[in-house]
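Some notes on the structure that comes next.
Bear in mind these aren't lab numbers, they're just calculated from the coordinates by the rules spelled out. Treat the numbers as computed from the prediction; the structure is a model and nothing was measured. Here the Cβ positions follow ideal geometry from the backbone for every residue, glycine too, while neighbour counts run over all protein chains shown.
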Amino acid sequence: MKFMQVYAVVDSEYRVLWVGGEWDEFALNGGANSATSNAVLSTSVMSHIAGSETRAETARMVDAVLKHKRTLRLEYRCDSPSVARKFQMTIQPMKDDRALMVHDLRDAWHFSPPLNRWHYDPAARDVKCSFCGDVRLDGEAEWTSCDDIGDRHPTHVNYEVCSTCVVSIDRAVEEVLLGTDVTAALDEDKLPR
Ligand SMILES: [Zn+2]
């Protein structure tokens, strides 16, 4: 598996000050052509995140890191229709009320056969979790993992945060509040300027 790491520096208003690593490759792989590094600089990171719940949870994590000056860590999935990808996100405090968000690819495997290609549609009744990729089909109460969904992946999805991921984020934020020691992913002083 190819190593991949992308990172972004944001300020307390979530403005992207700097991006690095294999950002463009990551954005293009994800199909987000508008989110290449040149296009995101000085925009709000929130303007690139689909779904109000996802934006609120992301803000909650960044705010906790900035307020308590401690590092937060969360595992999440960012799949393409053909490849499942497990990432670790680390949000660490920097000088001057800034935060460094690091995304490390930890694992990847192929969906066989590939999932149906999906598009974000805020009006869609089928819902996808922004953090684990699970799907809640319209009319169903349970979330289904993309590892089990087979040919039933919807083609249009709205993004929300599933209850399991809300619990994971609660725990990650609590670790920041309690001061549980989490190792930083990158040394701030070693970043290129
Ligand atoms: Zn989830």
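Excluding residues on the same chain fewer than 8 positions from K95, give the lysines whose Cα lies under 28 Å from its Cα.
Straight-distance partners of K95: K67, K69, K190.
Could you tell me the extents of the chain's C-alpha atoms along the three principal axes, largest first, rounded to whole Å?
For the chain, the Cα spread along each principal axis is 47, 33, 31 Å.
How big is the dipole moment of the stretch 78-129 about its Cα centre under a simple scheme where the beta carbon of each Lys and Arg is +1, that of each Asp and Glu is -1, and everything else is neutral? Debye, nearest 20, please.
Charge dipole, the stretch 78-129, about its Cα centre: 80 debye, nearest 20.
Determine the principal axes of the Cα atoms in the stretch 105-156, then give the extent along each, sorted from largest to smallest and rounded to whole angstroms.
Extents along the principal axes, in whole Å: 31, 21, 21.
Residues in the stretch 144-177 near a label at A50, defined as backbone nitrogen under 15 Å from the 7 Å Cα→Cβ point?
153-162
Can you list the aspartates and glutamates whose alpha carbon is less than 20 Å from that of K86, not counting same-chain residues fewer than 8 positions off?
Reachable aspartates and glutamates: E22, D24, E25, E57, E75, D104, D107, D134, D147, D148, E160, D170.
In the chain, if the dipole is taken from +1 on Lys/Arg beta carbons and -1 on Asp/Glu beta carbons about the Cα centre, which of A141, V182, F131 is farthest to the positive end?
V182
With charges only on Cβ, +1 for K and R and -1 for D and E, what is the dipole size of the chain about its Cα centre, in debye, rounded to 20?
The dipole of the chain has a size of about 360 debye.
By how many degrees, between 0 and 90 and to the nearest 10, does the Cα long axis of helix 163-178 differ from the longest principal axis of the chain?
10
Mean projection of the alpha-carbon convex hull of the stretch 75-182 over all orientations, in nm²?
8.1
For an R0 of 25 angstrom, estimate the FRET efficiency from the Cβ-Cβ distance between R117 and T43 and round to the nearest 0.05.
0.45
Does anyone have the angle between helix 52-68 and the longest principal axis of the chain? Alpha-carbon axes, 0 to 90°, nearest 10?
Approximately 20 degrees, to the nearest ten.
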